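Any read-out appearing in this document is the output of simple, stated calculations on the displayed coordinates, not a laboratory observation. Everything numeric in this text was worked out from a predicted model, so none of it was measured. So basically every Cβ, Gly included, is an ideal-geometry build from the backbone, and we count neighbours across all protein chains shown.
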Amino acid sequence: MNNVSGVASVAGAAPGDCADDLVDADRVALVAARLPAPEAVHDTADVFSLLGDPTRLTLLLGLLDGELCVHDLAALTGQSDSATSHALKLLRAHRVVATRRAGRRIYYRLEDPHVRMLLDLAIAHTEHSEVTHPEKEGEGR
């Protein structure tokens with residue numbers, strides 16, 4: 001820990017770095033104390049990474065109205081059953097989707113209401129915000 005209530009060690013700064021010049025050291029210490037454990041932050045980043053892939057996001061959006069089998073989800077995304085199954089395996093490993101077997105078919109559904117809330121919030125955000133893509137500026141000229 002350092003001279004600012006351990007903030008530099010939480011934020012990853014070395015002693016003598018900007019932590020010595022904090023504008024609001026008390027506020028930074030309060031926020032740092034409320035941050036989740038690094039493992040929880042990493043797990044959350046993994047979930048957002050999963051949502052960042054357009055195909056996986058389409059799969060999840062397709063499940064907003066209820067469960068679908070792999071073959072139907074593949075048709076929805078335009079992917080093969082194998083590629084769809086692989087994407088769903090990743091989503092299942094991170095507890096984003098759950099399964100139900102009916103004979104030879106496996107049906108997928110959203111794991112819990114939190115996943116639905118994430119998707120609903122993301123859609124609402126993009127619907128009311130003008131999205132700019134600075135990384136794409138200059139393309140197609």
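Computed from the alpha carbon atoms alone, the convex hull of the stretch 42-128 holds 92 Å³ per residue. Counting only other residues whose beta carbon sits under 13 Å from that of GLY66, what net charge do I get with K and R as +1, D and E as -1? Surrounding charge for GLY66 is 0.
A DSSP coil position with no more than 10 other Cβ atoms inside 10 Å describes the following trypsin sites (Lys or Arg not before Pro) in the stretch 34-123: ARG104.
Its convex hull of Cα atoms gives the stretch 71-116 a direction-averaged projected area, equal to a quarter of the hull surface, of 3.3 nm².
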